[in-house]
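Computed from the coordinates by the stated procedures, all read-outs in this text should not be read as laboratory data. The structure displayed is predicted, hence computed values, not measured ones. A quick note on method: Cβ atoms are made from the backbone with ideal geometry, for glycine too, and the neighbour counts reach across all protein chains shown.
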Amino acid sequence: MNEYPEALTIAGTDSGGGAGMMADIKTMQACHVFSTSVVVGVTAQNTIDVQRVLPLPLEMVDAQFKSIADDFVIKAAKTGALFDAEHVHNVAQNIQRYSLENLVVDPVMVAKGGAKLLTDDAIDTVITELIPLADIITPNLPEAETIVKHSITDRESTKRAAKEIQQLGAKNVVLKGGHSNGPKNDDYVLLADGSDFWMSGQHVDSKRKHGTGDTLSSVMVAELAKGHSVKMAIQTAKQFMNEILQHEIHVGQGHGPLNHWG
Ligand code: PLP
């Protein structure tokens, strides 16, 4: 009998199959972890754009958390797109109600095509209610700038921003450099014990990078669910990303999905 660690993604769907919860589930499958899911909202989306967004009624979100808690032993979980302040608050409450551990918070705000996946007035709820629950938080540069409310222009300001996010309550911070314009794609990691390091990744000039953030954070969840350390989970995630970016698949006409088979 095969036994797989059980994990949870709390996020939005992507009808185009490349990002959000769909990327989470595919990634965890590739990492040999069983992913359950709480759908917080639904998007009508393809590789070209996000056409519509519909957050689900809160009672339905609650019902999914209960169904999962009644049956599974969740070893690690992640949050993705949470849409608005009400849903962020609800998710933070449920994470505490069911004592979910090994939580990776991907503070998704805007899709690559520009569609908003979090309302502006929800940022404060993310800061006060969700970030303090995060074992790992994985903002990209624009998300980190929104959280710390100042711009990040170089390595020094990146380090300062990560420290500020840690002071908001996230234990470990992975500040992703993928939105910078340089040839490199370095991520800065600040661990709970104060140690830090940079992870390098080659800047891949590709349109087929839809769902990279979801994929990276999902590998971390999968590795934490297997019982690996935070540092190892982060390093494995970066390695996984660097590998799958080398093998494109051609699906859709716009910003295509990643190849989760690697
Ligand atoms: N749609 C959903 C539901 C998401 O959760 C995300 C990212 O987390 C995206 C779209 C955006 O993906 P990307 O910015 O990689 O295109």
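Some points to look at:
- Shape call, region 134-262: gyration tensor on alpha carbons, a/c limit 1.5: oblate
- Amide H partners (placed H, <5 Å) of residue 255, local residues excluded: 48
- Mean Cβ count within 10 Å, highest first, over the residues of peptides 249-255, 210-216, 7-13, 137-143: 7-13, 210-216, 137-143, 249-255
- Look at the alpha carbon pairs under 8 Å that are at least 6 residues apart: their mean separation over the length of the chain gives a relative contact order of 20 percent.
- Computed E for residue 200/residue 63 - FRET, C-beta separation, R0 41 angstrom, nearest 0.05: 0.40
- Length gained on full extension, residue 15 to residue 70, computed as 0.36 nm times the residue gap minus the Cα-Cα distance: 17.0 nm.
- Once exposed loop chymotrypsin sites (Phe, Trp or Tyr not before Pro) are cut out (DSSP; at most 13 other Cβ, 10 Å), longest piece of the chain: 73-260
- Dipole check for the chain: with +1 at the C-beta of Lys and Arg, -1 at the C-beta of Asp and Glu, and the Cα centre as origin, the magnitude is about 560 Debye.
- When exposed loop sites are taken as trypsin sites (Lys or Arg not before Pro) in a DSSP loop with at most 15 other Cβ atoms within 10 Å, the longest stretch of the chain clear of them is 1-148.
- Taking each of 26/231; 66/149; 66/159 in turn, the alpha-carbon distance tops 28 angstrom for 66/149; 66/159.
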